[in-house]
Structure formats: C-alpha cells, structure tokens
1. Looking at the stretch 336-353, which of its residues are more than 20 Å from Gly418 (Cα to Cα) and either assigned to a loop (DSSP other than H, G, I, E, B) or not assigned by TED's automatic domain parsing to the domain that holds Thr238 (or both)?
2. Give the residues of the stretch 416-473 that are among the β-branched types (Val, Ile, Thr) and within 19 Å of the chain's Cα centre (by Cα), sorted by residue number.
3. Does the stretch 425-437 hold any residues that are out of contact with any helix residue (DSSP H, G or I) (no Cβ under 8 Å at 6 or more places or on another chain) and either hydroxyl-bearing (Ser, Thr, Tyr) or in contact (Cβ under 8 Å) with a residue 60 or more places away in the chain (or both), and which are they?
4. Assess whether Thr392 counts as being without any contact (Cβ under 8 Å) to a residue 40 or more places away in the chain and among the β-branched types (Val, Ile, Thr).
5. Tell me, yes or no, whether the stretch 379-400 has at least one residue that is in contact with a Lys or Arg (Cβ under 7 Å, 6 or more places away or on another chain) and surrounded by fewer than 20 Cβ atoms within 10 Å (Cβ to Cβ).
6. Can you name every residue in the stretch 424-473 that is of a type in the set (S, T, N, Q), buried (at least 24 other Cβ atoms within 10 Å of the Cβ) and within 20 Å of Met217 (Cα to Cα)?
7. Tell me the strands (runs of 3 or more DSSP E) entirely within the stretch 211-308 that contain at least 1 residues that are β-branched (Val, Ile, Thr) and surrounded by fewer than 16 Cβ atoms within 10 Å (Cβ to Cβ).
8. Any idea which of Val289, Val318, Val282 is in contact with a strand residue (DSSP E or B) (Cβ under 8 Å, 6 or more places away or on another chain), assigned by TED's automatic domain parsing to the domain that holds Ala221 and in contact (Cβ under 8 Å) with a residue 12 or more places away in the chain?
Amino acid sequence: MFGSKGASKISAAICNFRGQSMQRISLIIFMFIRAVSVLSAEQTAKIQTGGQFKVMEVKEVASESILTRPDADMRYIAFDIVIDNTKGAGEIRFNAAFFSVVVRDTEGRTYSPEVTSYALAKPAMPSAAVEAGEFMRGWITVAIPKNISLAGCRIRLDARGRQDDRITSEWITLPGGNPPAVNAGVGTSGAPRGSSQPLKDIASHVMVPIPAGRFLMGSPATETGRFNNETQHSVTITKSFLMGKYAVTQELYEKVVGRNPSRFISSPAYGEAQAKRPVEQVSWYDAIVFCNKLSILEGLSPVYRVNGSTDPASWGAVPTDNRNATWDAVTVNWDANGYRLPTEAEWEYACRAGTTTAYHTGASISDNTGWYGAWDGSGNSDSKTHEVGKKTPNAWGLYDMHGNVWEWVWDWYGEYTGTATDPRGSHTGSSRVDRGGSWNAYAQNLRSALRLDTYYPYVRNFSFGFRVVRVSP
C-alpha cells in the first residue's frame, strides 16, 4: 500500500464480541504516517516514529439519528477514531474534509461508501493538525447498502492531506457478523445521550460577553427594504449577558441531542468543515429542548419548564405537525444560569453592536456581510449553508448575525409598543419570530431590523437555525 519511503508496520488488536445487542468491535491500528512533502526530512522522520491512527469502535447506528430522510436500503456505520500523536515529536497534518472509506468483500470486490457525516473534536477542521504530544478524537459515519454483508469484509479508512499525502489504515478484517447495532440511547458519536462529554472540545461552542446598554430598535422610515412592523423605538437592556459566538453548529447539536436533523449534511463548500455548518431543520420547540439539554450537560440550571418539568425527557415527543398548547405554555426562569434563546430585543441589540445602519457592516450589503441568496441565483451562498465564522464578525465578536440561517428567538410575534426596558415580546401569539436572514434570503432580508413573523413554533425548515444566550456569571 505504501512506497518504500512510506513503508509502515501495522498491528491490530480486535476485541472479542461480548453480548448481543451491545456487541463491540474494538480495532486498534498502529501505523507510521507517510512522509508529508511540505515538511523537512527531520520532521518527517519524527512523525514516522510517533504517529498512530486508531479505530476505537465500529458500530451500526440508527439511521434516523443522523438523517432526516434516511435511505431504507442503506445501513449506517460509525467509526470512532483517534489520531494519536502523544508520543510523536512533530505534527500530523491532514485534510478532514477528504475522509474516505473503502470496503472489500470476501470475493475481492471493492466498494466506496458515502461518508454521510464526520466530526473531530480538536483542532479546527478541515485542515487538521495534531501537534506533538496531543491527540484528536472524532467519528466518521458511512452509508453501506444492506445487500452487502459485512461479515468477513475488510475495511480501510483514509484521510487525504496536501497533494498525495495521506493518513491511512491497513485493511481491517471484520469478524463474522455485522457491526453491533447501537441502541436508542446512543448517538452517532457512540456517546450515551444525555451523558456529559467535554463540550469544551467543540471549538464552535463559544460564548462572548454582551454589555448592557440602550439602542434604537427597528429601522428609520428612510431605510431601503424596510417593513411597517419595524417601527423605531428606544430599548434598554439592563443586564449584560453571554451570547453564542456562532449559530449552533451541527457538531454541537448532535453532541447534545444525539442526532443531526439538517438537510445540508454533505458537500460543504470547498475548504469548509461539514460539522461546523449551522444546524437547520430545527423548530422553535426543538430549540428549547436543546437549550435545556445543554444546560443539564454542563451542570447549569435549565431555563425552560414544560408541564411542570425542566427535564426535556419528560416533555414527550417534540410536536411536529401542529401547535401544542402544553408546549406553548412553557414558562421561563429568567434568572437561571442555563442556556436559552435570546429575546428579539437582545438579538437585535447584539447584532447591531452599537451600529445604527441597515447592517452591522454599513448601509448596504457586501460580500463580507453574510451568506445570502435567492431562488434566482443572486447572492453569494451558492444555495447552501456555510461553515460558521467565515464572514466578518461584528464589533462584539459575533459571527453570521446576517445570513446563513434564520435564527429563532424567544418572542411571540407582536407589534412594537414603544419605548421599552428588557422587552420579552407578546404574552401570546401564533408564530415565533426569526431573525437575521439566511442562505436563501434576499439581501434586504438580512437587515438588523428585519422580523420574520410567519412561522409556527413547530415548523422545521432548512433555513432555520438558532443561537443561544445565558446570563453573565
């Protein structure tokens, strides 16, 4: 498989099957890394004596945990991987966006299954580097036709780097039988749902401080593209708070909830990381479930209470076909230190970051403002979402406040009532508000003051996401 310079010695330890429903295949693969052409000969030698690529587990996962519309003819296999450089003296560099898996059956035929999702905890993707003395953990999920038996098959994983550089494993022969199925309590990462894994390893989970202050909410009558529901008025935010630096990403959502409902789960833009695209196809109901689950995972006090409980596990199935009176009666502990959706006023205040123009980048939109587009092909989004953090942040360090995905906020939609202090919207309503515009919105709909007011809280749409806030410590 390797040339003379890249010759490697592989040793694999395969654990025996234990149990039936929760069997495991543990595959430990130690290998020397092929020389990376951009490194010096000295650095290359250090890598070749230290790098290790490990496949920790192979599991079959429930299709609905990773896809909204899974293919009934496919089974979905997850590989729990580690790039281990704890004993190395130089860095290991590769491109996570080019993971691939090859399956070879017992008759020697090969098949390259589609990689449906992947995530790496450290460092930032897609251009990944594991420094000497460090390791990186993650997972890869692939779709394999059900008519292909995995009993006795051989599997190889590759991650391409620059030019022809590659981190790759030797062929791994699976024992008899298919990989064990993951039960309903386990997500695609192999982590028990609701367990406390180190979310600090997810680089997209960052909160930034937003100061208290006063601003003019809404738009002036002279602003191009404004609507009548944007009446300008003075609003005071009396308490500082923390806000997500980015919209909630697919990697963070899946880590917390155990599934990725997004439509855009493959084919990211060149050089962008799939797992760091914003989660979408989430409803307002989904968002409050996420907030409480994230709070519980981090040992914080949940904000939302439905039917007398702050534990989403007791709320029942998330409504998807109609409004639900019990869920609509959700109450809020505004003093709790857990995560919640921003109010509409908090969102616009944070988006503006002291500006009074239509966008936080100025009076008119530019390519640096955000990702936007329309069905006529205008804009810069190429009809898809993009990895968070690729456009210019506002003055307070928040990314993608304009475009990429619409963001749910707390408020029921209602008309503005004039000067206000810490407004929290109407007490009742039929639709919850979305802010910010999206990859498929016209430029004028990305304005700081624009209010999307037409969607019920149960609606899941491939342009709807959200970001979270919490009280300042």
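The values are calculated or read from the model by the stated rules, or taken from the named source; none is laboratory data. Quick caveat: nothing in here was measured; it's all calculated off a predicted structure. Neighbour counts are summed over all protein chains in view; Cβ atoms, including those assigned to glycine, are modelled from backbone coordinates with ideal geometry.
1. Listed by number, the residues that qualify are Ala336, Asn337, Gly338, Tyr339, Leu341, Ala353.
2. Across the stretch 416-473, the qualifying residues are Val468, Val469.
3. Ser426, Thr428, Ser430, Ser431
4. Taking the combined requirement at face value, the residue satisfies it.
5. yes
6. Scanning the stretch 424-473 gives a single hit, Ser448.
7. 233-237
8. Result of the check over Val289, Val318, Val282: Val282.
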